[in-house]
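Structure, as structure tokens:
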Amino acid sequence: MNTTATTSAEERVARTAASASGPVVIGLGSPLLTDDTVGLRVVEALQQGGETEFPGVTFTCLHNVGLELLDELDGHAAALFVDCIRTDSAAPGHCHELCMDDLQHTVQSRLVDSHGLSLATIVAMGARMGYRLPTDIRILGIEGRRLYEFAEEPTPEVRAGMGACIERARGILRQWSQGPVQTSLRQDTGSV
């Protein structure tokens, strides 16, 4: 048994228990790849005025998603991710609402593959490593089509869907602010 890892996990649990905070809203995407910019744009729009409308909510944007995401989630009561998604089952700009259960099929049996780590894998690993993760994690995925072309703005169809996604995110934040978000944070929920 690696006592160094156990000690650091125990220290992390103690630290986050003392400083558990409200929800976090995380925009994911690349600022240079057309429709993939939409998660960042939505969170930037939410942040404008959102800090006064939703006190206690942390807003952040990430361009790369790996294990460092665990530090962004650690100790928060709830998390909302906003990202571009491509399902080919809806029109560009459609806002899908997902929860972690919807992503369980993406938990990887290998630690790393050529595409990196999925959100479900990162959360499962974090739980095993002793991070205190939100029990309410939701994902707003905006349907995109042009994910790999260089441009700093989403396509017109995706841009048109941003308003509905922003309102859906505000609805989730209002729901969390009206009643207590379940504050028992997720730990060791299973194997990776």
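The values are calculated or read from the model by the stated rules, or taken from the named source; none is laboratory data. Predicted model only: the values in this text are computed from it and were never measured. A quick note on method: Cβ atoms are made from the backbone with ideal geometry, for glycine too, and the neighbour counts reach across all protein chains shown.
Glu10 meets all of the listed conditions (1) at pLDDT below 70; (2) in contact with a Phe, Trp or Tyr (Cβ under 7 Å, 6 or more places away or on another chain) but one, namely (2). Candidates are the residues of region 72-109 that are modelled with pLDDT of 90 or more and acidic (Asp, Glu); the one that is farthest from Ile142 (Cα to Cα) is Asp74. Scanning region 151-167 for residues that are part of a helix (DSSP H, G or I) and crowded, with 18+ Cβ neighbours inside 10 Å gives Val158, Gly161, Met162, Cys165, Ile166.
The residues of region 136-173 that are modelled with pLDDT of 90 or more and more than 21 Å from Gly50 (Cα to Cα), listed by number, are Pro156, Glu157.
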